[in-house]
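Encoded as structure tokens, the structure appears first; notes follow it.
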Amino acid sequence: MGGRFALAGGRQGWVRTALTAVGVGLGVAVLLFAASVPSVLHERDVREDARTSGGTGEPHRGPHSLLMAEAGTTFHGKDINGKLVEAEGDDPVTPPGVDRLPAPGEMLVSPALRKALDDEGNEELTRRLDGRVVGTIGDEGLLGPHELAFYQGADQLDPQDAQRYGAFGGTVDEEPLDPVLLLLVVVACAVLVMPVAVFIGTAARFGGERRDQRLAALRLVGADTAMAHRMVAGESLVGAALGLLLGGGLFLALRAAVGGLTVFGLSVFPADVVPSGPIVALITLGVPLVAVTVAQFAMRAIAVEPLGVVRESEPRPRRLWWRLVPPVVGMLLLLPLAGTVVSGPPGGATGVNKPRVVVGVVLLLGGVALLLPWVVERIVGKLRGGFPSWQLAVRRLQLGSGSATRAVSGITIAVAGAVALQILFTGADAALPGSEAEKGQYMISGATTTVRQADALQRELERVDGVTAAMARVDVYGYTPKDEDVIVPVSVGTCEMLRKMATVGACRDGDVFVAPRSGERMEDVRIPEPGEKVRFDASEGAREKSFGWTVPDSARDVRGRRLNDEMPIEGVLATPAALAAEKTDWPTLEGWMRVDPDDPEALERARTALYQANPSLYVGGAGDSSEEDFFGDIRRAVLAGAAGVLVLIGLSMIVSMLEQLRERRRQLAVLVAFGTRRTTLGASVLWQTAVPVVLGLALAVVFGSALGWVLMRMLGRPVVDWFGFLPIVAGGAAMIVAVTLVSLPPLWRLMRPDGLRTE
């Protein structure tokens with residue numbers, strides 16, 4: 001019978017069911033997208049492994065082998081994944097998405113990169129990637145439809161600088177995630193999912209007042225309390241089931257449009273967005289269960305009798321003590337974890353207790369939703385007087401603030417979580433290694449080079465307009481004869497290069513200098529004394545496997561300079577005549593440059609000069625690392641998820657407001673009939689929305705700041721920015737205005753005289 005009321009109960013019945021289905025459907029669609037995240041990440045990993053892993057390829061040159069070297073670059077903050085390829089045989093293998101290898105001077109590009117090269121204003125990118133475009137990379141060779149990628153043909157690649165492939169495919173061993181980044185992921189998942197769950201519970205209670213009046217009529221004709229509860233369960237099941245179907249359809253419709261979107265730098269193929277089977281089963285069973293449970297729980301607060309609903313009498317005040325238990329327990333779970341999350345190998349003292357963190361975050365954020373009804377009730381109950389629209393809104397909240405606070409609970413939890421994440425992101429950015437680099441400074445590194453090449457690169461950079469300083473050197477690493485595990489760092493360069501590294505004073509080719517330690521001593525690194533012997537592995541192809549070198553007695557102690565806000569240079573500084581770097585195994589180019597931060601194109605001109613000198617050179621900020629890159633990915637993913645949740649919350653508030661207006665259509669019509677102005681009623685709707693939201697935002701800032709402080713204690717660092725919540729609060733305030741504007745047209749319609757009609 002409850003199901004029949006939901007579907008065939010007249011206009012009131014199906015409107016209520018439609019609102020519930022829309023609310024549940026929006027939540028289900030977001031949960032299905034969240035359930036697709038593992039599939040998206042897995043498919044991206046598979047695509048990445050397919051184009052980077054050699055599988056069972058030939059380790060030596062053969063008819064099917066090819067050489068591939070890194071040639072990635074960055075243009076205006078967008079990473080471009082580039083590779084140099086050279087065929088070694090007559091029938092070389094090809095990377096995924098590539099039908100044939102490009103010849104020297106040719107390029108195969110992704111569709112997004114082709115569009116970028118054709119766009120006006122990207123002349124510097126066109127000058128950098130000056131190869132002739134002869135084809136497009138297929139989808140199976142890209143991580144997403146909007147990835148910027150290319151393969152460029154090359155000749156005479158050095159096998160030491162490139163990797164040989166005889167086949168593509170297989171898997172690449174994944175390194176464990178840094179504990180700081182793992183903490184970000186765990187907290188972000190808990191923060192993004194909680195508002196969705198709260199909204200589904202809120203949607204299940206739409207139309208409660210009118211339904212209770214109908215149940216009172218059914219009690220009058222003979223239904224008992226148990227029958228009434230079963231009818232409520234049946235009605236809730238129908239709304240939840242329709243919401244599941246609507247959410248599934250909405251997910252499929254939006255999934256087809258995913259390929260055309262790029263949110264905070266992330267793009268995915270629609271075919272990769274596949275929800276996890278177990279999570280889909282959990283959503284299918286859990287959403288109806290939540291709907292029935294919430295509806296039954298709401299019935300406990302009222303007494304449906306044959307002659308009316310007792311809820312219309314004065315409600316008893318809400319109790320505070322049990323609402324404080326969850327946040328206090330959550331705080332007690334998180335506080336003892338202070339200082340346990342630091343960058344380093346996961347596990348042990350530096351690991352993340354994921355279950356404990358999730359439970360603590362959920363309990364602490366759940367306290368916002370539990371305390372909000374009590375706070376609204378207490379504050380609104382003390383309000384008196386004011387202009388008519390304010391009095392109408394306050395009186396409505398005094399009579400019953402439950403529906404208003406339920407609609408705001410989702411945004412309150414989302415804002416509290418966003419405030420905590422903002423504090424955590426700001427602090428974690430500083431907690432990652434080398435993340436405090438000065439703006440405008442960039443590192444340069446590359447494999448197997450000579451001092452002559454490094455000197456030419458330095459001079460080329462100094463000629464670039466906008467580059468204020470540059471330095472390049474060659475680093476080689478020896479070891480002590482007694483222990484091969486103890487590393488001896490040696491930098492080789494011209495006197496001009498060495499003067500930028502240390503206060504060497506007078507210098508001529510053949511001199512050697514020693515920059516002693518100035519920081520913490522590392523057991524596996526040694527700075528040799530004059531007259532001490534050092535051994536080096538010989539370069540590939542040399543007859544001897546290693547050779548010895550003695551630090552000359554004439555070597556002088558010098559003071560190393562600070563480069564890029566790093567530790568001062570330490571180690572042996574040698575000129576080319578004293579040590580031939582090209583004879584050692586794996587000499588690497590290391591350097592840095594400083595560009596004018598006020599010239600946005602200076603960095604791009606410098607990148608172009610470096611790319612044309614050697615496409616395999618790495619250029620990055622002084623704090624760039626794999627952890628920094630993944631930190632950026634997490635930040636973009638969380639911002640994308642937060643944007644989706646914010647849209648969901650805005651829609652939920654609109655649906656909730658429409659449901660409240662529909663329930664109040666008769667009262668609104670009566671007020672208009674007695675002469676109340678339409679503008680007064682419109683302003684009352686604004687105040688009725690604004691009061692719970694403002695109180696909820698204030699509560700969210702307090703709880704979010706407390707959670708952020710606790711999480712920063714786990715990192716062992718102080719809070720960097722206490723006022724990062726201001727943009728988030730501004731977004732919540734803008735949502736109040738948006739919800740009010742959207743609710744005005746139906747409000748005008750409900751003020752017509754036919755709203756006085758009843759059955």
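The values are calculated or read from the model by the stated rules, or taken from the named source; none is laboratory data. Not measured: the values here are computed from a predicted model. When we count neighbours, we look across all protein chains shown, and the Cβ atoms used for this are built from the backbone with ideal geometry, even at glycine.
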Practice task
Sort through Arg16, Arg47 and tell me the only one that's basic (Lys, Arg), crowded, with 22+ Cβ neighbours inside 10 Å and touching a residue at least 60 places away in the same chain (Cβ under 8 Å).
Solution key: Arg16
Problem - Output for the range 136-151, where each listed residue is in a loop (DSSP other than H, G, I, E, B) and surrounded by fewer than 18 Cβ atoms within 10 Å (Cβ to Cβ) - result: Gly138
Practice task
Mind listing whichever residues of the range 101-129 are of a type in the set (S, T, N, Q) and surrounded by fewer than 20 Cβ atoms within 10 Å (Cβ to Cβ)?
Solution key: Asn122, Thr126
Exercise for the section: State which residue pairs qualify: first residue closer than 16 Å to Ser616 by Cβ and surrounded by fewer than 23 Cβ atoms within 10 Å (Cβ to Cβ) and inside the range 444-461, second residue at pLDDT 85 or above and of a type in the set (Asp, Glu) in any location, beta carbons under 7 Å apart, and separation of 6 or more residues or different chains. Expected result: Ser445/Glu590
Handout entry: Within the range 66-135, strands (runs of 3 or more DSSP E) holding 3 or more residues that are in contact with a helix residue (DSSP H, G or I) (Cβ under 8 Å, 6 or more places away or on another chain)
Key = 73-75
Exercise for the section: For the range 464-474, state whether one or more residues are modelled with pLDDT under 85 and either outside any loop (DSSP other than H, G, I, E, B) or under 20 Å from Gly620 (Cα atoms) (or both). Expected result: no
Exercise for the section: Quick one: in the range 274-291, of everything that is small (Gly, Ala, Ser) and either surrounded by 16 or more Cβ atoms within 10 Å (Cβ to Cβ) or more than 25 Å from the chain's Cα centre (by Cα) (or both), which residue is modelled with the highest pLDDT? Expected result: Ala281
Handout entry: Sole exception among (1) in contact with a His (Cβ under 8 Å, 6 or more places away or on another chain); (2) under 22 Å from Val258 (Cβ atoms) for Pro92, by number
Key = (2)
Problem - Residues that are in contact with a Gly (Cβ under 8 Å, 6 or more places away or on another chain) and crowded, with 19+ Cβ neighbours inside 10 Å, drawn from the range 67-82 - result: Ala71, Thr73, Ile80, Asn81, Gly82
Practice task
Kindly indicate the residue of the range 482-521 that is of a type in the set (Asp, Glu) and at pLDDT 85 or above and also surrounded by the fewest Cβ atoms within 10 Å (Cβ to Cβ) among those meeting that condition.
Solution key: Asp509
Exercise for the section: Can you confirm whether the range 722-745 contains a residue that is aromatic (Phe, Trp, Tyr), assigned by TED's automatic domain parsing to the domain that holds Gly366 and modelled with pLDDT of 80 or more? Expected result: no
Exercise for the section: Could you check how many residues of the range 59-105 are aromatic (Phe, Trp, Tyr) and within 20 Å of Arg47 (Cβ to Cβ)? Expected result: 0
Exercise for the section: Among the candidates Val655, Val645, single out the residue that is modelled with pLDDT of 60 or more and either within 27 Å of the chain's Cα centre (by Cα) or not assigned by TED's automatic domain parsing to the domain that holds Ile200 (or both). Expected result: Val645
Problem - helices (runs of 4 or more DSSP H) within the range 347-459 that include 2 or more residues at pLDDT 80 or above and of a type in the set (D, E, K, R) - result: 354-381, 388-399
Exercise for the section: State whether the residues of the range 24-40 include one that is assigned to a strand (DSSP E or B) and modelled with pLDDT of 80 or more. Expected result: no
Fill in the blank from the handout: Taking the range 583-608 and keeping residues in a helix (DSSP H, G or I) and buried (at least 17 other Cβ atoms within 10 Å of the Cβ) leaves Ala602, Leu603, Glu604, Arg605, Ala606, Arg607, Thr608
Exercise for the section: Considering every residue within the range 623-642, establish whether at least one is modelled with pLDDT of 80 or more and more than 21 Å from Ala456 (Cα to Cα). Expected result: no
Practice task
Just give me the residues in the range 689-715 being among the hydrophobic types (A, V, I, L, M, F, W, C), surrounded by fewer than 24 Cβ atoms within 10 Å (Cβ to Cβ) and over 11 Å from Val408 (Cα atoms), in sequence order.
Solution key: Ala698, Leu699, Val701, Val702, Ala706, Trp709, Val710, Met712, Leu715
Exercise for the section: Considering each of Ala253, Ala240, Ala271 in turn, give the residue that is small (Gly, Ala, Ser), modelled with pLDDT of 85 or more and touching a Pro at 6+ places or on another chain (Cβ under 6 Å). Expected result: Ala240
